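Values quoted throughout were computed directly from the atomic coordinates according to the rules given, and no laboratory measurement underlies them. Treat the numbers as computed from the prediction; the structure is a model and nothing was measured.
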């Protein structure tokens, strides 16, 4: 077990509140999901890749009450802190490649938020290729990650992320993110971009292949 989950479990019944407070230091998840909803007001079938313990999933469920949501992660703690309705939400412990193999072209919205910097460089393009595979015709992909730069908040984010997760994280610059997305989806598919509070480092990209 990495040190992050161990520390959070020490808070007992307050673990979810502490996790939310910690996350809000770096990213306003409500603002991110609101932006996603502005970009894609209606969605019938949503895939969240790398959902973790379910923080973004819970907001997606509230923002898209009529959608069927599949939230996946390779972590054994997938969806553990989710507190929303489960009627149309399923949590699956698997990689996006497995979903791509059996559910090609079925999702009209795919969300990948703060995941890629945890993934080894040589595996990132494969994940994005699988995202393209699962997207339905005229589907929408919303990508969000933390931009690398030389600011105090960036190094604080790096230190806490590295220490709490134990992963060998590697953040990208804005140009590196765009190059990575364009390699799979094409430059013309990158149709929108926005910063998400509270820090300029949070970049969300709207991709429509």
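Per residue, the average separation of C-alpha pairs within less than 8 Å and at least 6 apart gives the chain a relative contact order of 21 percent. For region 117-209, the relative contact order works out to 38 percent when only alpha carbon pairs closer than 8 Å and six or more residues apart are counted.
Here semi-axes √(5λ) of the Cα gyration tensor in Å was computed from the coordinates, and among (i) 24, 21, 16; (ii) 30, 23, 16; (iii) 26, 23, 14 the match is (i). Computed from Cα atoms alone, the Kirkwood hydrodynamic radius reported for region 101-180 is 13.9 Å.
Shape call for region 94-144 from the C-alpha gyration tensor, a ≥ b ≥ c root eigenvalues: rounded (a/c under 1.5), prolate (a/b greater than b/c) or oblate? Note, shape of region 94-144 comes out oblate.
By its C-alpha gyration tensor, with a ≥ b ≥ c as the square roots of the eigenvalues, how is region 55-112 shaped: rounded for a/c under 1.5, else prolate for a/b larger than b/c, else oblate? In terms of gyration-tensor shape, oblate.
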